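Asks: Starting off with a structure, shown below.
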Amino acid sequence: MQSILRANVDEVTAVWADIALRLTLISDIYPAVELWEAERNAASPMEIAFKQPIIVAGTAVPHSQFGL
């Protein structure tokens, strides 16, 4: 049985454009589970609150780039 790796999200960036609010989760490994959770639990309420579509994205940056 393969275990699911959970990333520790180190940073979240937000970019507000005319057509959407883009949130990017940045962690040491690709945050697949965290992206799923954000899309499932947070995107819809945020779309209602901000009256904008929400785009949730993720990226992985090794800890050495964070200086950790």
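Throughout, read-outs are computed from the coordinates displayed, never taken from laboratory work. Please read all numbers here as calculations on a predicted model, not as lab measurements. Neighbour counts run over all protein chains shown; Cβ positions are idealised from the backbone, glycine included.
Asks: Can you tell me the order of 26-35, 44-53 when each peptide is scored by its average per-residue count of other Cβ atoms within 10 angstrom, highest first?
Replies: Final packing ranking: 26-35, 44-53.
Asks: What distance in nm lies between label points placed 7 Å from Cα along the C-beta direction at ARG40 and ALA17?
Replies: Distance between the two pseudo-spin positions: 2.7 nm.
Asks: Could you give the length gained by full extension between GLU47 and ARG6, i.e. 0.36 nm per residue of separation minus their alpha carbon distance, to one decimal place?
Replies: Here the segment from GLU47 to ARG6 would lengthen by 12.2 nm.
Asks: Quick one: plug the Kirkwood hydrodynamic radius of the stretch 9-66 (C-alpha pairs) into Stokes-Einstein at 25 °C, 0.890 mPa s, and report D in µm²/s.
Replies: Taking Rh from Cα pairs, D becomes 208 µm²/s.
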